[in-house]
Amino acid sequence: MLTLASDFGSPYPAAMKGVLLDRLGDVTLVDVAHDFPRQDVRAAAFWLRETLPYFPPAVHLAVVDPGVGTDRAALAVRVGDHALVGPDNGLLLPPARRLAARQGGDESDVEVFDVAYDDPDSHTFHGRDVFAPAAADVHAVGVDALDGIDRLTPLTDDDYVDLTFPEATVASDEVTGEVLVVDDFGNAITNVPGDVLADHDEATVNGERVPVGDSFAAVSEGDQLLTVGSHGYVECDVNRGRGDEAFGLATGDAVHLEF
Amino acid sequence: MLTLASDFGSPYPAAMKGVLLDRLGDVTLVDVAHDFPRQDVRAAAFWLRETLPYFPPAVHLAVVDPGVGTDRAALAVRVGDHALVGPDNGLLLPPARRLAARQGGDESDVEVFDVAYDDPDSHTFHGRDVFAPAAADVHAVGVDALDGIDRLTPLTDDDYVDLTFPEATVASDEVTGEVLVVDDFGNAITNVPGDVLADHDEATVNGERVPVGDSFAAVSEGDQLLTVGSHGYVECDVNRGRGDEAFGLATGDAVHLEF
Amino acid sequence: MLTLASDFGSPYPAAMKGVLLDRLGDVTLVDVAHDFPRQDVRAAAFWLRETLPYFPPAVHLAVVDPGVGTDRAALAVRVGDHALVGPDNGLLLPPARRLAARQGGDESDVEVFDVAYDDPDSHTFHGRDVFAPAAADVHAVGVDALDGIDRLTPLTDDDYVDLTFPEATVASDEVTGEVLVVDDFGNAITNVPGDVLADHDEATVNGERVPVGDSFAAVSEGDQLLTVGSHGYVECDVNRGRGDEAFGLATGDAVHLEF
């Protein structure tokens with residue numbers, strides 16, 4: 001099984017699928033998403049971290065790649081019986097660490113490899129010409145035997161680009177964090193751990209007093225609320241509406257909570 | 001085989017796919033749509049009714065769920081060798097009745113079950129934490145043996161939420177109906193049965209005289225027409241253009257036809 | 001294996017998938033794209049030509065069909081062990097010729113057949129009622145035996161609609177071409193062969209002097225460049241931005257290059 005994720009929109013993902021199917025025969029392909037915010041490596045890493053751990057063992061091909069055509073490396077990352085393949089820009093590390101944690105492991109279970117590649121046909125579509133062939137190679141030999149692929153070289157953590165999410169600052173009666181991503185519903189998902197909302201019925205968000213609810217339906221249709229979203233973080237939401245618009249929040253904006 | 005449908009956009013459907021694949025192994029998943037008009041249960045029920053009957057026997061997971069996180073029930077519905085799984089808000093009943101009719105049956109062939117579930121991890125993503133696991137259970141035991149699942153309880157029609165579409169009022173020389181949905185092309189699909197257009201070359205729609213045509217090409221590019229769409233209803237369309245804009249119609253708007 | 005492509009948006013492609021799965025059992029379906037520019041046969045033919053050759057042998061169902069409901073024919077096209085099925089409006093010919101070339105053949109390896117069909121249920125959805133059943137028939141008998149299907153009749157090239165892309169006019173120090181398509185990133189893809197950029201560091205595009213680069217990263221973020229895209233053509237692009245907007249170009253616009 002292979003999953004695919006990118007910021008390619010349409011129809012470029014289909015060329016990657018063609019390459020994979022041509023090399024691997026009738027393998028199962030599953031799209032994670034191809035509409036990640038364009039060239040936003042951090043947002044894509046967030047979504048991959050929150051989504052890939054639900055999958056059974058698979059090779060995960062992920063391409064959000066503002067450095068396409070430069071000399072940035074290609075990586076393969078192994079975490080138990082999962083593997084991730086994509087550009088060396090930090091994209092793969094947050095989901096890899098989460099996969100390790102879900103398997104009861106830790107950072108030491110994340111193995112990172114450089115994937116050597118020849119100068120490809122295209123300097124603008126490494127998804128098709130570099131990463132899909134690399135993912136096919138990993139799938140063909142199997143995740144267990146991945147380190148037997150000649151063009152793979154183990155890396156230490158000084159050798160590749162890492163990416164971590166900013167952490168919220170949590171005090172007893174106030175929290176400062178930021179919006180990590182806005183989802184398709186308009187929910188503004190912050191980096192503030194959901195447990196700060198425990199025992200609170202309302203809170204002040206950037207100066208505005210709003211109720212805290214267990215679910216959207218805790219408030220009337222069209223009303224704002226703070227809730228713990230499906231990722232475990234505080235979200236600034238609207239029941240049946242868009243939280244980003246009501247709260248005036250976009251990705252990267254600061255969020256200051258007071259209780 | 002499992003089909004998936006929702007108003008989740010992207011990438012939330014991928015988490016549901018991960019849950020299904022993790023529980024069922026390499027099952028075939030087919031997306032119906034994940035861009036149903038947000039939280040519009042009626043529109044989603046319309047599209048499911050018009051689409052699911054073309055599929056071979058399958059478990060159909062469908063989630064448009066404005067009541068997520070409340071105590072609304074989860075349902076499984078069996079119709080012959082098809083099953084539907086989703087929230088108790090009417091969504092599943094129109095496609096279930098259509099599936100029964102396509103199989104030569106009637107309303108009595110629609111069996112509805114309550115699906116008991118524990119308090120899930122998330123109050124905002126029952127698609128991942130409640131409905132996908134329930135659909136996996138139904139698929140795992142098989143639709144034939146669905147009623148053997150312990151947490152399923154048969155319901156009578158007083159016990160669940162039903163949904164029916166408004167019917168048009170048809171007289172000999174005039175018809176009053178409404179727009180049920182607008183499709184991606186901008187075709188305004190009404191609830192008026194297509195046969196009212198038989199033997200008419202033109203009609204008045206909300207006061208405007210337009211031709212009746214067998215196909216878009218019956219009128220010049222950019223011109224309005226009434227035609228019988230692929231669902232069997234009267235549509236207010238434009239050849240190679242958007243009927244909703246030309247006729248000034250949106251979902252729920254009244255449509256008055258005179259001949 | 002079947003691939004599907006259309007300008008149908010959502011959820012109409014699902015009805016085609018239902019028809020295919022109902023007739024063929026658990027066949028592998030792969031979406032190429034369903035958001036081709038609406039009713040733009042030339043743009044769709046371009047994307048199919050650039051995408052389908054990456055796939056292993058398959059039946060390719062492609063429907064962009066402004067003439068739906070008229071008496072335009074349905075075609076099946078065989079190229080080696082690939083087959084294409086769709087409307088007789090030129091859509092299938094550019095990808096068919098490219099598939100022939102990739103297999104080391106030429107135009108003579110493209111075999112075109114008329115597919116006879118009964119008056120379908122719908123005059124507005126031949127994708128579901130005409131083309132999907134035809135593709136299922138071709139897949140069921142196999143591409144090798146396609147000419148044994150009774151309702152298929154071989155055609156000569158006078159009998160069907162062809163489509164070719166306009167060619168750029170290339171002189172030693174200037175080139176005149178046009179924009180064939182704009183991709184989802186906003187890259188304006190022209191019909192000018194990429195090799196005209198060899199040995200040039202900059203060029204004038206419609207009067208504006210811009211750098212020539214091997215990849216997006218050859219210029220600063222937000223800056224314009226000319227590059228050779230993944231299709232081998234000159235593209236008018238912006239590093240991490242939209243070339244169509246920066247250059248003021250849309251599909252069909254003339255592009256005049258001077259060196």
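Can you pull out every residue in segment A:157-175 that is under 30 Å from A:Asp109 (Cα atoms) and in a strand (DSSP E or B)? Hits for segment A:157-175 are A:Thr169, A:Val170. Here the condition is being closer than 30 Å to B:Ala135 by Cα, assigned by TED's automatic domain parsing to the domain that holds B:Glu107 and not small (Gly, Ala, Ser); of B:Leu146, B:Leu163, B:Leu180, it holds for B:Leu146 alone. Among the residues of segment B:171-197, those that are over 24 Å from the mean Cα position of the chain (by Cα) and open to solvent by 60 Å² or more (accessible area, probe 1.4 Å) comprise B:Ser172, B:Asp173, B:Glu174. If you check A:Gly67, A:Gly90, A:Gly9 for being on the phi > 0 side of the Ramachandran plot, free of Cβ contacts under 8 Å to residues at least 60 places away in the same chain and not polar (S, T, N, Q), only one passes: A:Gly9.
The rows are residues; the columns are (1) small (Gly, Ala, Ser); (2) farther than 27 Å from B:Asp214 by Cβ.
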{"position": "C:Ser10", "(1), (2)": "yes, no"}
{"position": "C:Gly18", "(1), (2)": "yes, no"}
{"position": "C:Gly25", "(1), (2)": "yes, yes"}
{"position": "C:Ala44", "(1), (2)": "yes, no"}
{"position": "C:Ala73", "(1), (2)": "yes, no"}
{"position": "C:Asp81", "(1), (2)": "no, yes"}
{"position": "C:Asn89", "(1), (2)": "no, no"}
{"position": "C:Leu93", "(1), (2)": "no, yes"}
{"position": "C:Gly105", "(1), (2)": "yes, yes"}
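Go through the residues of segment B:207-221 one by one and say whether even a single one is more than 14 Å from chain C (Cβ to nearest Cβ), touching a Pro at 6+ places or on another chain (Cβ under 8 Å) and at negative phi. Checked against the condition, which is being more than 14 Å from chain C (Cβ to nearest Cβ), touching a Pro at 6+ places or on another chain (Cβ under 8 Å) and at negative phi, segment B:207-221 yields no hits at all.
So that you can scan it fast, the table gives a plain yes or no per residue for (1) among the charged types (D, E, K, R); (2) within 30 Å of B:Asp22 (Cβ to Cβ); (3) in a strand (DSSP E or B):
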site: B:His139; (1), (2), (3): no, yes, no
site: B:Asp144; (1), (2), (3): yes, yes, no
site: B:Thr153; (1), (2), (3): no, yes, yes
site: B:Gly177; (1), (2), (3): no, no, yes
site: B:Arg209; (1), (2), (3): yes, no, yes
site: B:Ser230; (1), (2), (3): no, no, no
site: B:Val234; (1), (2), (3): no, no, yes
site: B:Asp244; (1), (2), (3): yes, no, no
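Close Cβ contacts (under 8 Å, 6 or more residues apart or on different chains) running from residues in segment C:198-226 that are exposed (fewer than 14 other Cβ atoms within 10 Å of the Cβ) to residues that are outside any helix (DSSP H, G or I) and small (Gly, Ala, Ser) comprise C:Arg209/C:Ala203; C:Glu221/C:Gly241; C:Gly222/C:Gly241. Right, C:Thr176: among the hydroxyl-bearing types (Ser, Thr, Tyr) and out of contact with any strand residue (DSSP E or B) (no Cβ under 6 Å at 6 or more places or on another chain) or not? Here the answer is no, as C:Thr176 does not meet what is asked. Condition (residue is modelled with pLDDT under 95, in the same structural domain as C:Val143 (by TED's automatic domain parsing), open to solvent by 20 Å² or more (accessible area, probe 1.4 Å) and part of a helix (DSSP H, G or I)) applied to segment C:104-118: is it met by at least one residue? Among the residues of segment C:104-118, at least one is modelled with pLDDT under 95, in the same structural domain as C:Val143 (by TED's automatic domain parsing), open to solvent by 20 Å² or more (accessible area, probe 1.4 Å) and part of a helix (DSSP H, G or I), which makes the answer yes. Open to solvent by 40 Å² or more (accessible area, probe 1.4 Å), more than 14 Å from every other protein chain (Cβ to nearest Cβ) and touching a helix residue (DSSP H, G or I) at 6+ places or on another chain (Cβ under 6 Å), is that true of B:Asp158? Here the answer is no, as B:Asp158 does not meet what is asked. Considering only segment A:234-248, state which residues are surrounded by fewer than 22 Cβ atoms within 10 Å (Cβ to Cβ) and touching a helix residue (DSSP H, G or I) at 6+ places or on another chain (Cβ under 8 Å). A:Asn239, A:Arg240, listed by residue number. In this structure, C:Met1 does not satisfy being buried (at least 22 other Cβ atoms within 10 Å of the Cβ), modelled with pLDDT of 95 or more and within 14 Å of chain B (Cβ to nearest Cβ). If you take the residues in segment B:80-103 that are part of a loop (DSSP other than H, G, I, E, B) and either outside the structural domain of B:Ala44 (by TED's automatic domain parsing) or at pLDDT 95 or above (or both), which one is surrounded by the fewest Cβ atoms within 10 Å (Cβ to Cβ)? Of everything passing the filter in segment B:80-103, B:Asp81 is surrounded by the fewest Cβ atoms within 10 Å (Cβ to Cβ).
Only a single item in (1) outside any strand (DSSP E or B); (2) modelled with pLDDT of 95 or more; (3) within 14 Å of chain A (Cβ to nearest Cβ) is not met by C:Leu225, and it is number (1). Scan segment A:13-26 and tell me whether some residue there is more than 7 Å from chain C (Cβ to nearest Cβ), within 30 Å of A:Gly252 (Cβ to Cβ) and either open to solvent by 20 Å² or more (accessible area, probe 1.4 Å) or in a strand (DSSP E or B) (or both). So far as segment A:13-26 goes, no, none of its residues is more than 7 Å from chain C (Cβ to nearest Cβ), within 30 Å of A:Gly252 (Cβ to Cβ) and either open to solvent by 20 Å² or more (accessible area, probe 1.4 Å) or in a strand (DSSP E or B) (or both). Restricting the first member to segment A:30-45 and to residues that are farther than 20 Å from B:Asp35 by Cα, and the second to residues that are of a type in the set (D, E, K, R) and open to solvent by 50 Å² or more (accessible area, probe 1.4 Å), the beta-carbon pairs closer than 9 Å and six or more apart or on different chains are A:Gln39/C:Arg240. For segment B:27-66, a tally of residues being part of a strand (DSSP E or B), within 14 Å of chain A (Cβ to nearest Cβ) and open to solvent by less than 20 Å² (accessible area, probe 1.4 Å) returns 3.
Cβ separations smaller than 9 Å between residues 6+ apart or across chains give the following pairs from segment C:154-175 residues that are free of Cβ contacts under 8 Å to residues at least 24 places away in the same chain to residues that are assigned to a loop (DSSP other than H, G, I, E, B) and surrounded by 11 or more Cβ atoms within 10 Å (Cβ to Cβ): C:Ser172/C:Phe259.
In summary, B:Ala73 fulfils each of the numbered conditions (1) within 14 Å of chain A (Cβ to nearest Cβ); (2) touching a strand residue (DSSP E or B) at 6+ places or on another chain (Cβ under 6 Å) with the single exception of condition (1). Being more than 13 Å from every other protein chain (Cβ to nearest Cβ), crowded, with 17+ Cβ neighbours inside 10 Å and either on the phi > 0 side of the Ramachandran plot or aliphatic (A, V, I, L, M) (or both) is a property that C:Val130 lacks. Here the condition is being within 16 Å of the chain's Cα centre (by Cα) and over 19 Å from A:Ala136 (Cα atoms); of A:Pro87, A:Pro66, it holds for A:Pro66 alone.
The values are calculated or read from the model by the stated rules, or taken from the named source; none is laboratory data. Not measured: the values here are computed from a predicted model. Cβ: placed from backbone, ideal geometry, glycine included. Neighbour counts: every protein chain shown. Surface accessibility is based on the protein's heavy atoms, side chains included, excluding ligands, DNA and RNA. Shrake-Rupley method; radii C 1.70, N 1.55, O 1.52, S 1.80 Å.
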